[in-house]
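Readers should treat all values here as calculations from the given coordinates under stated rules, not as data from a laboratory. Everything quoted here is computed from the prediction, not taken from an experiment. Quick reminder, even Gly has a Cβ in these numbers, built from the backbone with ideal geometry, and neighbours come from all protein chains shown.
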Amino acid sequence: MKKVRAGVWLLVAIFLSYKQTDPRPLQKTTAEIQSPSQKALQAGDELTKLNLTTSEETCVTSAARGDLHAVELFLAAGLSPNSQNQDGFTPLIWSAGQGHRLVVERLLATGADVNAKSKDRTTALMAAASQGYTPIVELLLNKGSNLEARRADGWTALIWSAAEGQEASVDLLLAKGANINAADAGALEPIFLRPS
């Protein structure tokens with residue numbers, strides 16, 4: 001019995017001498033116990049403080065500016081990662097076309113459609129490739145972006161990249177299997193657009 005008591009006292013002494021870095025390790029923060037609707041209301045309040053209206057248009061604009069904090073607030077407020085502005089552009093299309101990789105990654109992680117199209121049928125891959133944002137192009141392709149998707153004018157990501165002189169994008173798209181013989185509605189092929 002004495003050995004058991006000594007063992008218990010040793011455990012108590014060890015426990016009492018242990019210095020905790022967080023005095024409340026078992027307590028949850030307010031944010032951790034909030035319901036989804038409470039989190040959405042709080043995010044909406046934060047957006048109001050930033051003078052941002054909780055609308056799809058403003059969400060897309062924030063993504064285009066690369067404002068990751070605002071985009072996260074829009075998502076927390078309940079807006080879809082596939083929200084669209086009046087031209088049908090999604091936050092993913094705009095952030096990809098502006099080179100905002102962190103925003104692109106966050107949107108993809110929350111379910112953004114990698115193949116969403118605007119009203120003129122522009123995709124995020126087309127937007128990123130045409131501007132030469134090859135790390136984003138690679139990311140989008142790895143997430144299943146359609147190499148051969150076409151805008152309303154028939155342009156693919158490859159044709160648009162070639163037209164803009166984005167050699168690194170052209171090389172990457174070709175390496176991933178883009179059709180070099182694809183022609184737009186006017187029979188213009190990317191081979192004729194690529195700088196020599």
Open item on the list: With the crude spin-label approximation of a point 7 Å out along Cα→Cβ, what separation in nm comes out for Glu148 versus Glu167?
Closed with: 2.8
- [ ] Please get the size of the charge dipole for segment 75-164, origin at its Cα centre, with Cβ charges of +1 on Lys and Arg and -1 on Asp and Glu, quoted in debye to the nearest 20.
- [x] 120
